[in-house]
Every structure is written in C-alpha cells, then in structure tokens.
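To start, the structure itself, in structure tokens.
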Amino acid sequence: MHKATQSLEIKRNGLGADGKGYRNYEQIIEKLTHASWDRVFVIYDAIAMGIPLSSIHEITKIDLWFLKQYEELYAFRKRNFKL
C-alpha cells in the first residue's frame with residue numbers, strides 16, 4: 001500500500017508518513033463521504049484519529065476486510081515507530 005501511494009507522484013511519502021494528513025474530525029468525515037483521489041489517505045487518517053472501522057464502513061461502503069488492512073498497517077507503524 002505504501003509503495004502504491006508513493007508511486008502516485010503527488011509529493012506524498014505513503015500513508016501517514018509525511019505529516020500531511022488530515023487532523024480535523026469534521027473534515028475527515030466530509031472527505032470520507034465523497035469518493036476522491038485522496039480517499040486512501042483520508043481513511044488512514046481516520047483510523048489514526050480513532051474513528052471506528054464500523055463508522056468508516058458506514059460512510060464509505062468499503063468492505064471491512066480492506067479497512068482492516070489499513071488498521072493493521074496503522075497498528076504496525078504505531079508499534080514499530082512509536083507514533
């Protein structure tokens with residue numbers, strides 16, 4: 001997932017890796033509501049903020065299996081990089 005997001009050539013260094021994420025709850029919810037090019041980043045930011053996967057799923061209709069992959073990636077980064 002990180003490699004895919006890095007190769008977008010949009011000056012982002014992967015999910016949650018560059019400090020350019022969203023930190024405002026209302027803005028995250030609004031961005032989740034509408035499909036967009038940066039939704040993959042917003043989903044990661046929502047998980048980092050502590051928004052439950054069930055809520056993200058209700059808003060985005062993205063399969064929980066995929067959302068759990070994001071959650072596992074966030075947990076890995078948090079565990080290994082002391083976030």
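The values are calculated or read from the model by the stated rules, or taken from the named source; none is laboratory data. Since we're looking at a predicted model, the values are computed, not measured. Using ideal geometry, Cβ is built from the backbone for each residue, glycine included, and neighbour counts are taken over all protein chains shown. When the accessible area is computed, the model is the full protein with side chains, heavy atoms only, and any ligands, DNA or RNA have been set aside. Shrake-Rupley method; radii C 1.70, N 1.55, O 1.52, S 1.80 Å.
Overview of results
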{"item": "Carbon and sulfur %, accessible surface of region 25-70 computed with the full protein complex present, 1.4 Å", "result": "59 percent"}
{"item": "Amide H contacts of ILE51 (H built 1.01 Å from N, under 5 Å, at least 5 apart or other chain)", "result": "none"}
{"item": "Distance histogram for region 29-83 (every C-alpha pair counted, 10 angstrom bins, percent rounded to whole numbers)", "result": "25, 58, 17, 1"}
{"item": "Loop trypsin sites (Lys or Arg not before Pro), region 47-81, which have at most 13 other Cβ atoms in a 10 Å radius of their Cβ (DSSP)", "result": "LYS61"}
